[in-house]
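Report on the structure given below.
The values are calculated or read from the model by the stated rules, or taken from the named source; none is laboratory data. No experiment lies behind these values; they were computed from the predicted model shown. Here the Cβ is made from the backbone with ideal geometry for all residues, glycine too, and neighbour counts use every protein chain on show. Side chains are part of the model used for accessible areas, which takes the heavy atoms of the whole protein and leaves out ligands, DNA and RNA. Shrake-Rupley method; radii C 1.70, N 1.55, O 1.52, S 1.80 Å.
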Amino acid sequence: MAHLSADNQQRAEAIVALYPERRSALVPLCHLAQAEEGHLTEEAMEDIATLCGISPAEVRGTASFYDMLHLEPVGKYVLAVCTNIACMLQGAYEVLEHAEATLGIRTGQTTPDGMFTIEEAECLAGCDQAVCVQVNHRFFGPVDEEGFDRLVDDLAAGRLEETVPPHGVLSRVSREVDLEAPAVGGEQV
Amino acid sequence: MADVTLAPPAEVTVVIDGREVKAQPGELIIDAAERAGIFIPRFCYHPRMKPVGMCRMCLVELSGPRGPSLQPACFVSVADGQEIATASPAARKAQEGVLEFLLLNHPLDCPVCDKGGECPLQDQAVSHGPAESRFIEEKRHFAKPIALGPLTLLDRERCIQCARCTRFAEEIAGEPLIDFFGRGDEIEVAIFPDREFTSYFSGNTVQICPVGALTSVPYRFRSRPWDLEQVETTCTYCAVGCRVALQSSAGRVVRMLGVDSEPVNQSWLCDRGRYGFESIHAPERLGEPMLRFEGGDLQPVAWHEALREVAAGLRQALSTAGPESIGVIGGARLANEDQYAWSKLARSVIGTDNVDAQLGDGLPAELVLSLPQATIDQACGAKVVVLLAGDLREELPVLHLRLRTAAAHHGLKIVDCSPVPTALAGLAAATVSSRPGEAAKLAAALVAPPGEVPEVEGVAPTAIESAREALLGVDPSQIVVVVGRASLAESAASASATAAIFATAWPGARFLVALRRANVRGALEMGLAPGMLPGRVPLEAGRSLLEAQWGHLPPSAGLDARGMLEAAAAGELKALVLLGADPLSDFPDRALATRALEAVPFLVAIDTHPSVSVLLADVVLPAAGFGERAGTTTNVEGRVTRLAQKAVPPGVARPDWVIASEIAERLGSNLGFDHLEGIWEEIERLAPAYRGATLGAVYGLAGMDGVVVPVEAVALGSPLSSRARRPIDPIATPGIHSVDEQGAPLAAGLSVIPGGDVAESEEVEEEAGEGLPPGEAQPATAGRPGMVELDSRRWPAPGAPVVDSYSLRLVARRRLYDYGTLVQMAPSLKGLAEAPGVRMRLAELEKLGVASGDEVRVRSPHAEIVLPAVADDDVPQGVALLAVSSGPADEPGASSLIDSGEAVATVRIDTLDGKGGADG
Ligand code: SF4
Ligand code: SF4
Ligand code: FES
Ligand code: FES
């Protein structure tokens, strides 16, 4: 459980400054906070409320609307298996059941080592690569049971660290807000 | 280029269900239909809030360029020539569909639901829903009920997600402590983890919830709607005077609901008013007269014994030391008629002018009654409101709500000049804290001509500049000053002088005098103030008229509460009557109050509850309280409304005017009253400010909202209130149809038969604009001889206090939930009184080396108390903020630190081991 770090507090102020209304920064700030902890902590939501000039209940209300924001701790990798029509016809439920069996958890749960969370997703717009599995908002597909095992192995062994950042980090590039060089955007961290 | 401006049409015509209906441009279809007597079903729409179109219950069929379409009537405005069908096959099908959806997950546990019997979901399911549901699956389940806060419970299964509660919290109260959580069928109203829905206005969400999802702790499972009887009356838990429906079951008051009185509370209430009724039936209620017997104990006796004792005590004082040795303190709890009777008893029978309804915590009656009055509507419609009062959210909550709404949504500019910013500061155009005791200096700077603005010590010039900017170019007639006692630790002289400065500099400006006690304005109007006769007439000015009518008047002006207490302490006052007053808890100088009550040889207390002061009395007389007696009351703006009775007083308690008459009789005289109406007639006849406020005017149906005195020339029978009552939110209570049928109807227009007609309501008569009428404020005295006139020279600024650098100036304020009798005897409110603490800036705490929450010693020259220190950077530098009555009544609190003779109280704060202060 943690508040926004000092750095992120500064970034947050800069994000707020981008909007004519403070409260417009709400969703970007939620992503900023989620990038720090992997999920949105209550303390961070309180910080965001102060930054946006609204109440913590309102921050939580908005955050709870979006699937991409997590209010509970999740694994380092969130594996979201699409089970909508295209993926379902390609065996999405089989993949999902396989995932539950091999990881030993139910959909919505996190492995005890804190590495993986499984979720069931609605159409991810990756129908051309059905079954589509999203890992921290990166697409993988088509994925079958075997493919799923490989994916998990690779993630566990750190072989995909380049491609898949830890959960919460949407992008490793921040163009709008840069603490080091505020005038021009873009820096790889 | 030709400048073509199309004037908006003054009126549009639409056809609703085949009938031509005239409507205002921009008016919502749902409202236009309702005026025409056509009820469109709805859940989320509430006439006092912005529409959201959430629930789709109000779908109607609209003609349009592309053919008919289904549109939400609460979200679409009328357009000229539009055809609207509210019950066409398509509209009916849509409405039935929406209801079937809403009921999918609804638990249908009506038999155990508080709302059953007055539930818009039940009613509209019958009137606008399908007879059957096709849903056979398992419904959604939640644990229920869960507490959102100390007074509010939530049943998530019953919630239909209309967002009335969350919108109220955000839009009206400005305290969005609840919001939706989740999405889809898992959505629920929620608080933030580990926080509570503690808003002072939380009860309104329960009242407007269209289902039984929100229930209140005090009413839960207390009654069924069809067992309720109700009357419309006025809340007297503070001076806003909200109109309420007082509901009882089996002779006990069980619920209060806000009635939509356009000029006053617009359907809202605060929780103290809404739930304070619990104290009516507190086991401690005084029901029998009591006498102090030899051993020192108070024992119940019969009325005649008690009255004989009162008469004997008063006679004794009269014969030994004359009428000036008798005093009466209090009276703000009483109805106008009671106050008049006491005013007459004291002056014409006892012969004393020592009467004061204020306990050193108000403002001089001459000033209050001579300042040009503003109504609440005028304050909300002004361009600028200058605020120099206590925190209105704590003292006059619904006035806060009205001003907040005006500032948040209608462009009112607020300039908050209070010594510690109030809850309105967040919305204020400017916040400039005056130094405690020196508000007059700040006022002088605000009214000074440009270029001559004096510097004000302790106030940042930029803050003064921003306040002046808000006032720049504003005509004084568009300014309303809300003036009260911003702090009980500074003398009334400071507030009086400030008001006088504004009144002189801004001719035409109006004043809303923010005194807190329920009927304190009425008490001053009725002459419960030294030197003031009923109807705003100074003693000398009214002598000839009243002496003839009353038979006798005291030769000269008497003492105010402080004067009486001092005289009592000095042994000069021989008898003191406490008329619903508790000086020990309420007088801002506890030491003086204690000495006085201990020294006075004969103390009579007439009250409803046993306060600490009552327990010291020699004779205690039980009075009928709120809901137990009829009469009239006067609110903060001078509006007289009617009080109604619904409960039986406990034991043998009597109305105060009856007690006054009885005492007069025992003293060998006669007040000449045998019924309430007779008293009012005498008031109307003899009190100049009340001339024209006839019984018919005050009691009449047109006067459901009462009348503001002095009334302009009125012809009897003409509509007096500016508007007729709107059939506001007819789906929410108090639209209890079953109750109406039982013969206890509220004003016409409040109830609706679902699917049937909206009950008769008078045509809404819009007043021209919300704001102030053009021109200057009429002096209230016009054409009314004898009435007190404003004399600004009478209110000089007090000398600036000298404060050494070790001391802090004390600001003592009231909180809504305190340790006063009323809150403490209402079980649901009792625990809400915040623990005492002294608030100051973090830097001051750091100087002392204590952390927030540590106990410190607060010392004034008169007393010292030990309290936790609380860091609060809203408190200005050099100030310590304390709440009065913030601890058990028998322990010394903030009021013990104050000397009522000083311009401002100062304190020193030390650590418990003596570090920090100058001399430890
Ligand atoms: S709790 Fe009541 S008022 Fe609030 S959203 Fe649910 S149904 Fe509406
Ligand atoms: S604001 Fe005053 S009058 Fe209105 S409900 Fe509250 S206590 Fe009663
Ligand atoms: S259906 Fe699975 S990505 Fe579209
Ligand atoms: S959508 Fe119109 S009342 Fe709810």
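Annotations
- For region A:6-65, the alpha carbon convex hull comes to 68 Å³ per residue, rounded to a whole number.
- Projecting the Cα positions of B:PRO150, B:VAL112, B:ALA125 onto the charge dipole of region B:99-155 (unit charges on Cβ atoms of Lys, Arg, Asp and Glu, taken about the Cα centre) puts B:PRO150 furthest along the positive direction.
- Each peptide in B:899-911, B:290-302, B:435-447 gets a packing score, the mean of other Cβ atoms within 10 Å over its residues, and the list from highest to lowest is B:435-447, B:899-911, B:290-302.
- With every protein chain in place, chain B: carbon and sulfur % of accessible area (1.4 Å): 52 percent
- Within the shell of other residues whose beta carbon sits under 12 angstrom from the beta carbon of B:GLY473, the net charge comes to +1, with Lys and Arg scored +1 and Asp and Glu -1.
- Using just its DSSP H runs of length 4 or more, each adding -39500 (n - 2.57), chain B gives a mean residue ellipticity at 222 nm of -6500 deg cm²/dmol after division by all residues.
- Among the GluC sites (Glu not before Pro) found in region A:1-74, those both in a DSSP coil and sparsely packed, with 16 or fewer other Cβ atoms within 10 Å of their Cβ, are A:GLU21.
- Neighbourhood net charge (12 Å Cβ-Cβ; Lys/Arg +1, Asp/Glu -1) for B:LEU70: +2
- Surface accessible to a 1.4 Å probe, per residue, for the residues of region A:6-65, Å²: 41 Å²
- Expressed as a whole percent, the accessible area of region A:6-65 that falls on carbon and sulfur atoms is 48 (1.4 Å probe).
- B:ARG66, B:ARG562, B:ARG809, reordered so the largest accessible area comes first (probe 1.4 Å): B:ARG66, B:ARG562, B:ARG809
- Farthest positive-ward along chain B dipole, Cα basis, beta-carbon charges - from B:ALA463, B:ALA883, B:MET564: B:ALA883
- Among B:MET290, B:ALA406, B:ILE329 - extreme Cα towards positive end, dipole of region B:275-416, charges at beta-carbon: B:ALA406
- Table column - 3J(HN,Hα) (Hz), region B:550-558, Karplus curve with 6.51, -1.76, 1.60, x for Gly and Pro: 8, x, 7, 9, x, x, 8, 4, x
- Each part reduced to its alpha carbon centroid, region B:292-338 and region B:497-533 end up 30 Å apart.
- Averaging the Cα positions of each part gives two centres, and for region B:407-475 and region A:34-55 these lie 35 Å apart.
- Cβ charges +1 (Lys, Arg) and -1 (Asp, Glu), total dipole of the protein assembly as shown, debye: 2720 debye
- Label positions at B:ASP854 and B:ARG315, each projected 7 Å from the Cα along the C-beta direction, are separated by 6.4 nm.
- Rounded to 5, percent antiparallel among DSSP beta bridges of region A:77-168: 55 percent
- Taking the convex hull of the alpha carbon positions in chain B and averaging its projected area over all directions gives 41.6 nm².
- Cα pair distances exceeding 23 angstrom across region A:77-168, given as percent: 13 percent
- Per-residue mean of foreign Cβ neighbours for A:61-68 is 4 (Cβ atoms of other chains, 10 Å radius).
- Under 5 Å from the amide H of B:ILE16 lie the amide H atoms of B:VAL21, B:ILE84, each residue being 5 or more positions distant or on a separate chain, with H modelled from the backbone and absent for Pro and chain starts.
- Å³ per residue enclosed by the Cα convex hull of the protein assembly as shown: 226 Å³
- Peptide A:45-54 is shielded by partner chain Cβ atoms: per residue, an average of 1 of them sit within 10 Å of its Cβ.
- Solvent exposure of region B:209-332, expressed per residue, is 32 Å² of accessible area, with all protein chains present and a 1.4 angstrom probe.
- When the helices of chain A are scored as -39500 (n - 2.57) per DSSP H run of n ≥ 4 and the total is divided over every residue, the value at 222 nm lands at -11000 deg cm²/dmol.
- Computed magnitude of the charge dipole of chain B (debye, nearest 20; Cβ of K, R +1, Cβ of D, E -1): 240 debye
- Based on Cα contacts under 8 Å between residues 6+ apart, chain B shows a relative contact order of 14 percent.
- Only lysines eight or more places from B:LYS847 in sequence, or on another chain, were considered; those with a Cα closer than 16 Å are B:LYS915.
- Helix axis angle, A:145-156 relative to chain A longest principal axis, alpha carbon, degrees: 40 degrees
- If you take the Cα centroid of region B:39-61 and the Cα centroid of region B:135-180, the two points sit 18 Å apart.
- Cross-link table B:LYS144/B:LYS646; B:LYS115/B:LYS139; B:LYS22/B:LYS50; B:LYS115/B:LYS144; B:LYS413/B:LYS830, entries beyond 25 Å C-alpha to C-alpha: B:LYS144/B:LYS646; B:LYS413/B:LYS830
- Peptide B:189-195, shielding by other chains (average Cβ, 10 Å cutoff): 5
- Bridge type composition, chain A - antiparallel percent by DSSP, nearest 5: 55 percent
- In terms of packing, defined here as the mean over residues of other Cβ atoms within 10 angstrom, the peptides B:514-520, B:402-408 line up highest first as B:514-520, B:402-408.
- Accessible surface buried once A binds B (1.4 Å probe; total of both sides; Å²): 1300 Å²
- In Hz, Karplus ³J(HN,Hα) per residue of region B:253-264 (6.51, -1.76, 1.60; θ = phi - 60°; x = Gly, Pro): 6, 10, 7, 10, 10, x, 9, 7, 9, 3, x, 10
- Under 13 Å from a label point set 7 Å out along the Cα-to-Cβ vector of B:VAL447, the amide N atoms of region B:505-542 belong to B:505-511.
- Whole-Hz ³J(HN,Hα) from phi, Karplus 6.51 cos²θ - 1.76 cosθ + 1.60, for region A:42-52, glycine and proline x: 4, 5, 5, 5, 5, 4, 5, 4, 4, 4, 8
- Simple Cβ-charge dipole of region A:6-65, Lys/Arg +1 and Asp/Glu -1, about Cα centre, in debye nearest 20: 260 debye
- Relative contact order (%) - region A:6-65, alpha-carbon pairs under 8 angstrom, separation at least six: 30 percent
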